[in-house]
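Undergrad: Structure in structure tokens, see below.
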Number of protein chains: 2
Amino acid sequence: MQTLNFTLNELLQVKDRIEPFIHKTPIVTSKILNRETGAELFFKCESFQKTGSFKIRGATNAILSLTGEEVLKGVVTHSSGNFAQALSKAANLKGIKAWIVMPENAPKSKKEAVKSYGGIIVECLPTLKSRENTANEIVEKNGATFIHPYNQREVIAGQATCAIEIYQEIDSPDYIVVPVGGGGLISGTALATQCFSPQTKIIAAEPKGADDCFRSLQQGTIIPMESPKTIADGLRTGLGDLTFPIIQKYVSDVITVSEDDIIHAMKLFWTRAKIVIEPSSAVALAAVLISKERFVKKSVTVILTGGNVDIDNLPF
Amino acid sequence: MQTLNFTLNELLQVKDRIEPFIHKTPIVTSKILNRETGAELFFKCESFQKTGSFKIRGATNAILSLTGEEVLKGVVTHSSGNFAQALSKAANLKGIKAWIVMPENAPKSKKEAVKSYGGIIVECLPTLKSRENTANEIVEKNGATFIHPYNQREVIAGQATCAIEIYQEIDSPDYIVVPVGGGGLISGTALATQCFSPQTKIIAAEPKGADDCFRSLQQGTIIPMESPKTIADGLRTGLGDLTFPIIQKYVSDVITVSEDDIIHAMKLFWTRAKIVIEPSSAVALAAVLISKERFVKKSVTVILTGGNVDIDNLPF
């Protein structure tokens, strides 16, 4: 199978298409964090994105790519995280039904959020098998189109628009650091980089407690994610067969970080930049903080993927 | 004594003078919070200001108003909060010595912050008497100029520039809601409003546990602040003889809020807007949330005064 690829024009079309439905998020800087790292840091704040994460980009592009018939029959996905909210909102904007398969033990706050965006929650057992079966049943029963949270062409193309915004604002960054979970964002970022700034190096940031990407790259094959142990709840998913080859081909390195590194980075950013980022975002900043020597005097853009935290259960 | 006043030109000159040394802070909106309140809300984010609060505006103007001789001899203030950091930084930028009198029991994090901005900490006993005596000694011994955190013309003029930025971006707001502690910011806001948008109503927001402004207005005389009980540490100070008459003359109303209201507003803003605000800022949002009927369909600007929180001691 050939690695997924996009032309520059294709990506610009995706950007134009989803632009009316998403925020162009700000890129912020911090003198204190520059001083602390010795790097010139730029933070792309997808935490300020609609629904609180970059996921709305891919979800919106997937929704806008449906045919007329598909629109009538609705969409379905399984996610208990940011993609659930994103697909609910993106579908809702177009008056499309969105079934969201969630494990019955998902936090109440996440269920509430999905409902508030208009998603229809369908509960399942907390196993991958049950999630897939439940989603399949909805596809068969209602003719709904399954949208994968990351392992899907339209979703990856949508996530790529985040990097386009970066390249339109920052001239040739040396590095972009991206957290990796299922690999949708980093794949989109890597493919956009090929089109817009091929000399920029893409670095993946991953929790040590969910380091399937690191191990998959080492072994040259997808290592499934088993019992991830990290507070970075957005990064507990395994790679897909679309995203892994892109990561293999275009990602320069993976930096893994400890739970303490994540909490430290999260607290540092909240305190210094006064911006609420979720643990998955902090993974990217943590990667820079523990590898300062690599980034000294470099232009480094860190993608802060989201800002959805459970404020009553903070890890500090 | 005549109430303090500024001409429009005077305020614009102050704005020009301090502009190179401060941030023009963003004004953000939130569809969710608009929906929740029925008002059109604008949040002026001084939480993103240098040193993490609006205090740098007044401190910078005070420093830039010193004579050549005063510059040589340095400045002194007593504050354990945001003004301590602000004056340290403003003085440091101009290479001026700043003695900061702080009670010996002030949190270590606050002392560290003052040091990091270049302030010279002088410890005193945790009483008003000791603070004043210690500051006076420094004035006498070193010839330093005392800068009051709020009850001083140059400081109030500096704080007024925040409202000027609001009026340059928002056309005739119906209301500006401002937390009140010593009254420096609300006085500056009120005086700027007289010049730039006299029809805009100024509302003070105050914790019930430190409601000296509310009681002072009721009784027509300054009621000293005694044993304030609030997590809004920036609002534990009493009014000054310069600020009180301005508040009496130009502030439409004071809304007092409970500690629960403050914590709820703080959590709500962190969660929805993804911006870290300190309890004193949350007091202003809380005032809007508990008085929704008054603000329905109105254009309401809320000044979020700062974002300096002790992340390891959050009230939730």
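Undergrad: Compare the peptides B:128-139, B:149-160, B:98-109, A:266-277 by average per-residue count of other Cβ atoms within 10 angstrom and give them in order, highest first.
TA: Values: B:128-139: 16.7, B:149-160: 25.7, B:98-109: 18.3, A:266-277: 22.2.
With the highest mean Cβ count within 10 Å placed first, the list reads B:149-160, A:266-277, B:98-109, B:128-139.
Undergrad: Please report the relative contact order for chain B, taking Cα pairs under 8 Å with a sequence separation of at least 6, and give it as a percent rounded to a whole number.
TA: 22
Undergrad: Copy-to-copy spacing for B:Ser116, label 7 Å out on the Cα-to-C-beta vector, in nm, shortest first?
TA: 3.2
Undergrad: Put a point 7 Å out from Cα along the line to Cβ at A:Lys141; what are the distances to that point in the other copies, in nm, shortest first?
TA: Distances between equivalent label points, in nm: 8.0.
Undergrad: List, shortest first and in nm to one decimal, how far the label point of B:Gln248 (7 Å from Cα along Cα→Cβ) is from its counterparts in the other copies.
TA: Sorted ascending, the copy-to-copy spacings read 8.0 nm.
Undergrad: To check my understanding: the extent here is largest minus smallest coordinate of the Cα atoms along each principal axis. What are those three numbers for the protein assembly as shown, in Å, largest first?
TA: So the three principal-axis extents are 82, 53, 41 Å.
Undergrad: Taking the Cβ of B:Gly306 as the centre, find all other residues whose Cβ is under 12 Å away and add up their charges (Lys, Arg: +1; Asp, Glu: -1).
TA: Net charge in that neighbourhood comes out at +2.
Undergrad: Right, something else. Could you state the per residue volume, in Å³, of the convex hull enclosing the Cα atoms of the range B:56-146?
TA: Numbers: hull volume 6.7 nm³, N = 91.
Dividing the Cα hull volume of the range B:56-146 by its residues yields 74 Å³.
Undergrad: Calculated FRET efficiency, A:Gln199 and B:Asn9, Cβ-Cβ r, R0 56 Å, to nearest 0.05?
TA: 0.65
Undergrad: Within the range A:96-115, name every residue whose backbone N is under 19 Å away from a label modeled 7 Å from Cα of A:Thr127 along the Cβ vector.
TA: A:101-106
Undergrad: Translational diffusion coefficient, Stokes-Einstein: compute it for chain A using the Kirkwood radius over C-alpha pairs as Rh, at 20 °C and 1.002 mPa s, and state it as an integer in µm² s⁻¹.
TA: The Stokes-Einstein estimate is 111 µm²/s.
Undergrad: Okay, moving on. Reachable aspartates and glutamates from B:Lys31, Cα under 13 Å, same-chain residues fewer than 8 places away excluded?
TA: Partners found: B:Glu40.
Undergrad: Something else now. Cα axis of helix A:279-289 to longest principal axis of chain A: angle in degrees, 0 to 90, nearest 10?
TA: The helix A:279-289 is inclined about 20 degrees to chain A.
Undergrad: What does the charge dipole of the range B:56-146 about its Cα centre add up to, to the nearest 20 debye, if the Cβ of each Lys and Arg holds +1 and the Cβ of each Asp and Glu holds -1?
TA: Approximately 300 debye in magnitude.
Undergrad: Further question: Roughly speaking, what is the stretch gain from A:Asn34 to A:Asp260, that is 0.36 nm per residue apart minus the C-alpha to C-alpha distance, in nm to one decimal?
TA: 79.3 nm
Undergrad: Hey, got the dipole for the protein assembly as shown? About the Cα centre, +1 on K and R Cβ, -1 on D and E Cβ, debye to the nearest 20?
TA: My answer is approximately 360 debye.
Undergrad: Oh, and also: Place +1 on the Cβ of every Lys and Arg and -1 on the Cβ of every Asp and Glu in the protein assembly as shown, take the dipole about the Cα centre, and give the residue among A:Ala210, B:Ser65, A:Phe48 whose Cα lies farthest towards its positive end.
TA: Among A:Ala210, B:Ser65, A:Phe48, the one farthest towards the positive end of the dipole of the protein assembly as shown is B:Ser65.
Quick note: the coordinates plus some simple rules give every number you see, no bench work behind them. Source: prediction; values computed, not measured. Note that we place each Cβ from the backbone using ideal geometry, even for glycine, and neighbour counts take in every protein chain shown.
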